[in-house]
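Please read the structure below before turning to the comments.
What follows is calculated from the coordinates using simple rules that are stated; it is not laboratory data. In this text the structure is predicted, and so the values were computed from the model without any measurement. Every residue, glycine as well, gets a Cβ built from its backbone with ideal geometry; the counts of neighbours run over all protein chains shown.
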Amino acid sequence: MNRFEALRAQWEALTDREKRLVRILGAVGAASVIMLPVYLLSSAIGELEEQNEQIASVLSDIDRAEDRLAQREAERNAAEARYAQRAPELGTFLEGRSSAREMQIASVTNQPEVQEGRFRKRHVRASFPGTTLRQAVRLMTDLESAPYPIAIERVHIDHFQEGDHYNLELGVITFDRSGGDRDAGAGGGDRPTAVRPVGPGGAVRAGPPSPP
């Protein structure tokens with residue numbers, strides 16, 4: 001008796017319930033054989049899609065990083081260009097700007113110069129009595145938009161008179177490069193301590209870029 005006939009005899013010897021169970025097991029096995037490759041393929045596709053999403057996210061991060069680096073480079077170049085122009089004597093500069101705004105300047109006090117790394121910081125304080133708010137704002141705008149590394153370090157306003165009349169006090173700073181740095185540009189050496197320009201109430205105000 002060959003193997004096929006032996007299997008047939010064993011099949012015939014099974015009860016109907018046993019034959020039904022064997023058929024179910026066979027169907028399950030066949031389904032497993034068919035579905036396993038499909039599952040493995042779907043899983044592989046899912047992993048590839050996840051990897052593609054991760055790659056796309058990394059590329060997007062790189063693009064954003066390149067934009068930030070380009071922006072920082074542009075800011076650094078702007079700082080280099082701004083610090084290439086030494087600010088004039090601050091008291092004289094303030095007098096000229098306030099005169100253009102028809103403002104009276106009562107006093108200008110020069111603070112001691114301070115050497116900070118490769119830079120020397122100059123600092124003055126000036127008072128402007130009886131100025132209007134519009135004049136004060138325009139003067140501060142003139143200082144912030146000047147082509148020199150000038151920042152408003154302090155703003156103090158008193159309102160002792162009625163109407164649009166204020167006593168304004170400004171603290172203005174600038175950084176000067178040493179002679180070697182002006183010739184060689186940004187090189188080695190320590191950076192000066194960062195100065196955070198402040199406005200009324202201690203609020204941080206925009207100033208010149210930090211010395212490069």
Inset, instruction - Report the extension gain between Gln54 and Ala100 in nm, rounded to one decimal, defined as 0.36 nm multiplied by the number of residues separating them, less their alpha carbon distance. - result: 10.7 nm
Inset, instruction - Can you figure out the FRET efficiency of Glu113 with Glu162, using R₀ = 41 Å and their beta-carbon distance, to the nearest 0.05? - result: 0.55
Inset, instruction - Mind giving me the nanometre distance, one decimal, between the label points for Glu66 and Ala84, set 7 Å out from Cα along Cα→Cβ? - result: 2.7
Inset, instruction - Using 0.36 nm per residue of separation minus the Cα-Cα distance, give me the extension gain between Arg120 and Val22 in nm, one decimal. - result: 25.9 nm
Legend entry - Residue-wise HN-Hα coupling along the stretch 24-35, computed from phi with Karplus coefficients 6.51, -1.76, 1.60 (Hz; x: Gly, Pro): 5, 4, x, 5, 5, x, 4, 4, 5, 4, 7, 7
